[in-house]
Amino acid sequence: MFHVSRRDFFRTTLAGAGALTAAPTLLRGAPAKASFSGTDIVPLGKTGIEVTRLAQGTGYNGTNHSSAHTRQGKAAFERLLKHSLERGIRFIDMADLYGSHTFVKDVVKSLPRDKYVLLSKIWPRPAEWTTPSGGATKEVDRFRQELDVDQIEVCLIHCMTDDQWPTQYERVRDELSQLQDKNVIRAKGVSCHDLGALKAAAVHPWVDVIFARVNYRCGKEYHCDGTVEEVETVLRTARRNGKAVVGMKIFGGGRLVEPEEKDASLKYVLANDLVDAMTIGMLNPEEVDDTLQRIAAV
């Protein structure tokens, strides 16, 4: 079911003198398998940003400027995020859709700014809860005010559903580029909910960061945009092109609930080098601890 990651392949396979030159450690014998921790500090593609391998998501069942996280109330949200930060998670995944900015603000306001990385997303389509500006400057300025920060490290266009998004949201892209030039944001990109949108993101020169739905089952039933093979192929293309990939729906949007299913999905995603990092919408401290333990056991 699982592929062997490229890292493990090149560590354990000799392919003539060229391989010996490229990987001299092979002469000392095969090392132990790669190990992972949710609190590993990893580079986010070529952005120059370093994040923890695991992000604390804040948008499970997000809709209408709220999510299961924010609907728990301020006290439960703060208890959760404080616990994640105390356990070493330094990557916080937000969105305007989730209404989570102000909830996050009160937790991180006492922390040194270099101790956490913020990612948020712009909802570009009119909805009953929002009237988009058509660009990005107005939205990002509001996000920064809601979070009480000068800079948001990563800002994405949220929920792209077809391959025409680069043209359809050209003004959003242009304004995000301007904000990046001013160092208001450090990286830009898209979150994808469609295979065509994901394929476009994998090759588009504007994209720095992609949020992609991936798990070991894939398919619509498990909240992915294609089969395992289709999604994997696009993610490998994206990473070859220098895009940072953050995996989402690792547990199938709540469909993969059995322990063996969670373990299989984490193993598939991590051991095959499909993502730089991943976001999981853990809802309470117990789920945080459980997820960190499962990642460490991969």
Checklist line | Between segment 94-115 and segment 137-215, the Cα center-to-center distance that results, in Å | finding: 19 Å
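Please compare each pair in Lys46/Lys249; Lys105/Lys267; Lys115/Lys199; Lys46/Lys82 to a cut-off of 27 Å on the Cα-Cα distance and tell me which ones are over it.
Where the Cα-Cα span goes over 27 Å, the pairs concerned are Lys105/Lys267; Lys115/Lys199; Lys46/Lys82.
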Notebook entry, point to check: Given charges of +1 on the Cβ of Lys and Arg and -1 on the Cβ of Asp and Glu, with all other atoms neutral, how large is the dipole of the chain about its Cα centre, in debye to the nearest 20?
Noted result: 580 debye
Item checked: Cysteines not pairable in the chain (beta carbon separation under 4.7 Å absent) -> Cys155, Cys159, Cys192
Next item on the list: Just add up the charged neighbours of Gly242: K/R +1, D/E -1, any other residue whose Cβ is under 13 Å from the Cβ of Gly242.
Entry: +3
Item checked: Positive dipole terminus of segment 223-298, leading residue within Ala238, Ile295, Gly226 (C-beta point charges) -> Ala238
Next item on the list: Could you work out which residue, out of Ala34, Ala238, Ala277, moves most in a Gaussian network model of the chain, that is, has the largest mean-square fluctuation with Cα springs under 10 Å?
Entry: Ala34
Note to self: Rg and Dmax in Å for segment 140-185, alpha carbons only: what are they?
What the structure shows: 11.8, 34
Next item on the list: Before rounding to the nearest 500, sum -39500 (n - 2.57) across all DSSP H runs of length at least 4 in the chain and divide by the residue total; then give [θ] at 222 nm in deg cm²/dmol.
Entry: -11000 deg cm²/dmol
Next item on the list: Among Thr102, Ile185, Val51, pick out the residue whose Cα is farthest towards the positive end of the charge dipole of the chain, where Lys and Arg carry +1 and Asp and Glu carry -1 on C-beta, about the Cα centre.
Entry: Val51
Margin query: Modelling each spin label as a point 7 Å along the Cα-to-Cβ direction, I'd like the Thr237/Trp129 distance in nm, to one decimal.
Written below: 3.3 nm
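A short reminder: the numbers here are calculations on the coordinates, not readings from a lab. All figures in this text were calculated on a predicted structure; none of them were measured in a lab. Please note: Cβ atoms are built from the backbone with ideal geometry, for glycine as well, and neighbour counts cover all protein chains shown.
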